[in-house]
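Q: Sharing a structure here in structure tokens format.
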Amino acid sequence: MNSEVLFALAAYAFVTSITPGPNNFMLLSSGVNFGFVRSIPHMLGIGIGFVVLLLAVGFGLGAVLTTFPALHTGLKIVGGAYLLYLAWKIAMSRSVESGGDGSAQPMTFLQAAAFQWVNPKAWVMAVTAMAVFSNPENPFLSVILIAVVFGIINLPCVSSWAGFGMALRGFLSDPVRLKWFNIGMGVLLAATLWPMLR
């Protein structure tokens with residue numbers, strides 16, 4: 001992969017990782033409700049889970065989904081239903097660590113990693129990255145390189161959203177503001193399904 005293609009890949013990884021989507025909305029909410037440190041497993045789950053998804057797509061899973069469209073449709077339905085469930089949980093949350101109901105917990109590493117497999121934006125990112133940036137002359141090395149570039153760029157990008165959430169904690173310590181923030185985050189998370197439904 002020449003430097004021009006590598007730069008384009010890095011730019012693609014940055015833009016797709018930093019822009020709003022299900023992971024970033026959930027991390028913003030997690031940063032507000034649980035703080036940055038308690039959101040670290042969630043961030044790491046996203047980063048590592050996405051790299052594993054990228055590798056799977058690069059090594060053939062994308063071709064399987066293309067060959068079996070019903071499997072792809074089933075994945076979209078399960079993913080959409082789970083995304084709506086998470087949106088509901090966020091919208092109904094009333095927990096800033098110090099003043100919450102005590103039952104709310106941040107997403108765990110495994111939950112966040114598993115979520116990548118039903119996250120519509122993650123699939124679009126992975127399939128597009130492999131279609132555009134993999135090299136058919138050296139597929140193994142190019143798939144690994146794409147995963148490494150995303151691994152390096154994605155984690156700081158998604159972590160910034162939890163940091164933004166942490167910065168909002170003072171403002172959102174008022175229960176009424178927190179309620180409306182969480183409802184807004186739930187609605188935005190549910191709205192990320194729109195491209196998949198069209």
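The values are calculated or read from the model by the stated rules, or taken from the named source; none is laboratory data. The structure displayed is predicted, hence computed values, not measured ones. Methodologically, a virtual Cβ is constructed for each residue, glycine included, from the backbone with ideal geometry; neighbour enumeration extends over all protein chains shown. The accessibility values were calculated without ligands, DNA or RNA, using every heavy atom of the protein model including side chains. Shrake-Rupley method; radii C 1.70, N 1.55, O 1.52, S 1.80 Å.
Q: Along each of its three principal axes, how wide is the spread of alpha-carbon positions in the range 9-91, in whole angstrom units, largest first?
A: So the three principal-axis extents are 43, 32, 20 Å.
Q: Could you give the dipole magnitude of the range 1-143 about its Cα centre, charging the beta-carbon of Lys and Arg +1 and that of Asp and Glu -1, in debye to the nearest 20?
A: It comes to approximately 320 debye.
Q: Nearest 500 deg cm²/dmol is fine: what mean residue ellipticity at 222 nm does the chain get from its DSSP H runs of n ≥ 4 alone, each adding -39,500 (n - 2.57), divided by its residue count?
A: Computed mean residue ellipticity for the chain: -24500 deg cm²/dmol.
Q: For Thr66, Thr128, Thr192, give the ranking by accessible area with the largest first, probe 1.4 Å.
A: Thr66, Thr128, Thr192
Q: Which of Met166, Met130, Met92 moves most in a GNM of the chain, Cα contacts under 10 Å?
A: Highest fluctuation of the listed residues: Met92.
Q: Something else about it: Put +1 on the Cβ of each Lys and Arg and -1 on the Cβ of each Asp and Glu in the chain; which of Ser39, Ala104, Asn2 then has its Cα farthest toward the positive end of the dipole?
A: Looking along the dipole axis, the top candidate is Ala104.
Q: Among Pro156, Thr128, Leu84, whose Cα projects farthest towards the positive end of the dipole of the chain, with charges put on the beta-carbon of Lys, Arg (+1) and Asp, Glu (-1)?
A: The Cα lying farthest towards the positive end belongs to Leu84.
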